[in-house]
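One structure below.
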Amino acid sequence: MIILDSGGITKLAERSHEALALLKKLRELDSPLIVPTVVMVESLHGNSPKDANTLRFLRTCVVEEMLPATIATRAAELRRLSRHGSAVDAVVVAHAEPGGTVISTDRVDMARLADYARDVQVIDV
């Protein structure tokens, strides 16, 4: 499972050769790109012209519209244990448990949270 944070969404939504190459590699893994809806708050401007590329990209992802209490509780625990990261970052890492990968542009905070998570990898883009 691959979970995207806002930086990962922004990077992959770019219409660049680098973004297309990375997307191709991720698609070869045959794992869905998952986006918790809370991440969209950090990824969107609320202005459709500015959001066009991001919204286009999000249509290719699995958008998780519900935040189960178990993931919210685990995210709170990860923040407490690591003493780093925003609530949204912690939700992303908790969502990736166990055995998932987080695609992020904020490797430092994500890695600190992942240090306390069960088998979560962080890839910086």
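The values are calculated or read from the model by the stated rules, or taken from the named source; none is laboratory data. Note that this is a predicted model, so its numbers are computed, not measured. Reconstructed Cβ throughout: ideal geometry from the backbone, glycine too, with neighbour counts over all protein chains shown.
Worth a mention:
- Residues of segment 93-105 classified as in contact with a Gly (Cβ under 9 Å, 6 or more places away or on another chain) and either at positive phi or crowded, with 20+ Cβ neighbours inside 10 Å (or both), total: 4
- Scan segment 2-43 for residues that are aliphatic (A, V, I, L, M), more than 17 Å from residue 89 (Cβ to Cβ) and under 17 Å from the mean Cα position of the chain (by Cα) and the total you get is 8.
- Matching entry among 89, 109 (being more than 12 Å from the chain's Cα centre (by Cα), under 18 Å from residue 125 (Cβ atoms), crowded, with 17+ Cβ neighbours inside 10 Å and of a type in the set (Asp, Glu)): 109
- Tally, over segment 44-63, of residues that are in a strand (DSSP E or B) and modelled with pLDDT under 95: 0
- Taking segment 20-43 as the range and being among the β-branched types (Val, Ile, Thr), surrounded by 14 or more Cβ atoms within 10 Å (Cβ to Cβ) and not in a strand (DSSP E or B) as the test, the residues that pass are 38, 39.
- Where helices (runs of 4 or more DSSP H) fall wholly inside segment 66-115, no range has 3 or more residues that are out of contact with any Leu (no Cβ under 6 Å at 6 or more places or on another chain), of a type in the set (Asp, Glu) and modelled with pLDDT of 95 or more.
- Inspection of segment 14-30 identifies at least one residue that is in contact (Cβ under 8 Å) with a residue 24 or more places away in the chain and farther than 18 Å from residue 121 by Cα.
- Any hit, segment 5-16, residues being at pLDDT 95 or above, assigned to a loop (DSSP other than H, G, I, E, B) and in contact with a helix residue (DSSP H, G or I) (Cβ under 6 Å, 6 or more places away or on another chain): yes
- Listed by first and then second residue, the pairs linking a residue in segment 52-72 that is in contact (Cβ under 8 Å) with a residue 12 or more places away in the chain to a residue that is exposed (fewer than 12 other Cβ atoms within 10 Å of the Cβ) and of a type outside the set (Gly, Ala, Ser), with Cβ atoms under 8 Å apart and 6 or more places separating them unless they lie on different chains, are 53/15.
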